[in-house]
Structures are given as structure tokens and as C-alpha cells.
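Everything below concerns the one structure shown next.
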Amino acid sequence: MQCPKCQHENPPAAKFCVECASPFAARCPACGTEVPSTAKFCPECAAPLSARPLAVPKGAAAPQPPPATTASSTDGERRQLTVLFCDLVGSTELSARLDPEEMGEVVRAYYEMVDEVVRRFGGHVAKYLGDGVLVYFGFPQAHEDDPVRAISAALGMVVDLPALNARAQERVPQLRDRPLAVRMGVHTGLVVVRDFGAGSSREEGAIVGDTPNLAARLQGSAAPNTVVISDATRRLVTGVFVLEDLGRHELKGVAEPMQLFRAVRTSGMRSRLDLANAGTLTPLVGRQQQVGLLLDLWEHVQDGRGQVALISGDAGMGKSRLLQVLRERLAEHAHSWLECRCSPYHENSALYPIVELLEQGLLFAPEHSV
């Protein structure tokens, strides 16, 4: 260590110059911040200073802390994941008919459509495998309804497919007599998330387990423009979708035949209370005053005096249950009940609740509604 005053070389840990007695500043050994000689912890990074701080000549640059290293687990993380595998039907035949640049345009438009729908429902496009797309629901971001989101995304792709065909046929006229079609498989199961590979080929957050493979096998069993799900996924979405039982199928590489189902459309159930059997719900407790207030307002409405009530509260406080009780109490009275609900799957559509209400009023139910 060189003294800035007399340029004499001193021992590395010296606090004073051995030649001219000029003091050296004490610095934190972790981050290099100048610290008082009596300090027990660094005022910048809170590192303990029980060890002797680094002495650095006044005015000299502070030593840089060693670069941070990111630890990666070699054991991985177990978690439940819902995997959607989407495949473009007849892509090999299509490649033989189209110029490579035209085929590239088609695949690019197909990828864009898949990516837009997956992002809408909170999924993660993990890999593009030629004309196949591997999508995760539950990693890296998990939701309580990932199986519902996965099937909704698959049905959403079927709904958006006509628009994709219209755009693709404008660019590639040969597609007018051969529209694009997709088929999809959805499976839910345990996986291990870990990093694989080394160097530039290292893949972070890779999935280990048979869940992606089973989703791909289910996709192979699907007819064009349909969604096939496993029984494991079906148990998690009971009541949310209209399902068609496809029976038991033998899948390549799977020892036992699997029970498969086709997801046709949403069932119209719009909340967890809609899905629950009213006879199995526990009695409403502690809300008699609020129920009575709503019934009093209803009496005013019957007298021709319009009323407005606002029910607000934190999630889980029982707002939906309170409305359900009111609806049950009004069942014996003539009335019209119009209900609009926002949806986390349609955050970018401000008028979605109104559109859904009009669809219900007009009895409009698309074949692949989401």
C-alpha cells in the first residue's frame, strides 16, 4: 500500500504510514465503503466489521467487491404444472406445396396468434418445436386456476383461427383451398424445474417429467381444431367446461390406457359459487343485517322507487355469497336479474362484461366459446 503523501510502500493492513505517520482510511471489506474506526457494522451494506477493515490511503479508490454469483439449484423444484401442446395440422404436406418463404410467413403468423392468446391467459410459451408450441401454465408464474387458463387458451386459439386463416390467405393464396387447422392436448401433473446444459446451450427453468410428453401424446389423439384433455386435468376443471367423454385410449409410451375428454366450450358457470351445489354450501352466518338491508331496498323497488346498492370489501369477505342469498330470496318474486362480471382473462377488453351479457340475452353460444 503506497502512502499518498510520501509515496512510501506500507504493509497491506497498515492504518498509518510507517514513514510519515499519515493515517489511512478504514473501509468495509465487503463493499469498500469508508467506515469509522469504531464501527461494528458497515453503514452501506451492513456487513459485520469484526474483522479488521481494509485500510486504504485517503483519496485512493475503494476496492471493488467481488462480483455476485448466482446460485442455481442442482436438485430442482417440484411443482404442479399444466402443459398445453399445440400443433399445426398437416404442416409437412403444407411445406411441400409452399415456397419456403411463404411457409415461413405462415408459421410466423401462427406463432403470433399462439403467443397473443397464451399471454392473454397468463401462460408461458416455453418452446417452439417446428410447427408445435409447448406452453406452460403454472411456471414461471402460478395461478390458482392454471388448468382453466390452459383450456381457455386452447379454445381461444380455435376461436381466433378463422382470423388467422383470413390473414394468411391474403399473403398466401394457396391456403384458400387448404385452411390452417390446429390440434391441442392439455395435461396436468408433477414436474421438476431445474437448469440443464452448460455454456451457451444452458437452458434455465427446464421441465423434467412426463407431463409435457403426455400433453404431446394427447395432442396426437385430437381431431383438427379440437382440444383433448386428460382425466387429471378434467378433475380440476369440473363444471367449468362442457366436456365430451372420448373413452379410454392407448397412447404410445404409456403403459395403461388413459381416459380422454374433449373440451367443447365453457359451461356458462361464471364463479366458484355457480359451480358449487347450493345444497352443500354452509349457512350464511353473520350477514343478517346486510341481507335485511338489501331486502328492504327490494321492497322500495316493488313500490316503484328505484334503489342502488354498492357492496364492497376485500377478497373473500363474502360479497358473491351475499348476492347469491339475495337471488335465492327473490326467486319467488317476479324480477329480471342482469349480471355482468369482469374476467382476468379479458383485461384488454373494456366492454367484455357487456358483450357477454348481450350474448347471454340473445342466447348466443359459439361452439368454442371461452
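None of the figures in this text is laboratory data; all of them are computed from the coordinates on show. All values derive from a computational prediction rather than experimental measurement. Note that each Cβ is placed from the backbone with ideal geometry, even for glycine, and that neighbours are counted across all protein chains shown.
Here the simple spin-label model places points 7 Å from the Cα toward Cβ, and for Val192 and Leu338 these points are separated by 5.7 nm. Of the GluC sites (Glu not before Pro) in region 194-269, the ones in a loop by DSSP (not H, G, I, E or B) with at most 13 other beta carbons within 10 Å are Glu250.
In terms of packing, defined here as the mean over residues of other Cβ atoms within 10 angstrom, the peptides 295-304, 126-135 line up highest first as 126-135, 295-304.
Karplus-derived 3J(HN,Hα) values for region 80-90, using 6.51 cos²θ - 1.76 cosθ + 1.60 with θ = phi - 60°, are 7, 9, 9, 10, 10, 10, 10, 10, 7, 6, x Hz; glycine and proline are entered as x. Classified by the C-alpha gyration tensor, region 151-270 has an oblate form. Its axis ratio a/c, with a ≥ b ≥ c, is 1.5 or above, and a/b does not exceed b/c.
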